[in-house]
C-alpha cells in the first residue's frame, strides 16, 4: 500500500494555527505531523499543557475555536490530536527539539527519538528564534546547513546574546534567507527575549 502524502498546504498552515493559538493564550510546546501506517494517515499533534490544566474536552474546544477564527484553514479538525507534554511521543519530540539549533522544521523518518520509533514526522521548531538587528534587519551570521528540494539554501543562524538587547529583536531566519522579526515580541524584566 502506498503511504498517504502530507501535502504542502497542510505543512504551511501550521505556523498560522500556532500563531492563533498563541493569540488565544494557548501555549504550544511542540507541533508536528506524524504518520503511522496503522491509520495510513497524517495527524497534526499539538503538545500543550492546556490538556492537563483544563482537561482534554475543554482543550479541544479551545483549539477548535481558534481554528474557526482562521479563514480558509485547510487543516481538518479531525486531523488534530492534542496531547500533554507527558505523552511519550511528545516527550521524545520535545527532547529532540531541545538539541536542534536551527529555527527550521525537520523531517524525521524511520528512526527512534529516545525510546519512541518515528515512522515519518514533520517537526516544527516553533521555539527557536534568530536574533536580528533592528537597525539593519539582518542576522549577524548564519551558516548554510543544506538546501530544500527547490534548491533554496537553508541556514542556521549564529544565535548569540546581543550586547544591547534594546537594539535586537527575535525572529526567524526564513528559508528565503531573510530575517523575519517576530510580531509578538515582548521583553520580560529578566532581560531575556521571549516570543
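The numbers here are math on the coordinates, done by the rules we state, and not lab data. Note that the structure is predicted; figures quoted are calculated from it, not measured. Note that each Cβ is placed from the backbone with ideal geometry, even for glycine, and that neighbours are counted across all protein chains shown.
General observations
- Take the Cβ atoms of residue 8 and residue 81, set R0 to 22 Å, and the FRET efficiency comes out at 0.60.
- If you plug the beta carbon distance of residue 54 and residue 98 into 1/(1 + (r/R0)^6) with R0 = 30 Å, you get a FRET efficiency near 0.75.
- Note on the range 8-124: percent of Cα-Cα distances in each 10 Å bin, starting at 0 and stopping at the bin with the largest distance, equals 13, 48, 34, 5.
- Residue 25 paired with residue 107, simple spin-label distance in nm, labels 7 Å along Cα-to-beta-carbon: 4.0 nm
- Bridge type composition, the range 1-91 - antiparallel percent by DSSP, nearest 5: 65 percent
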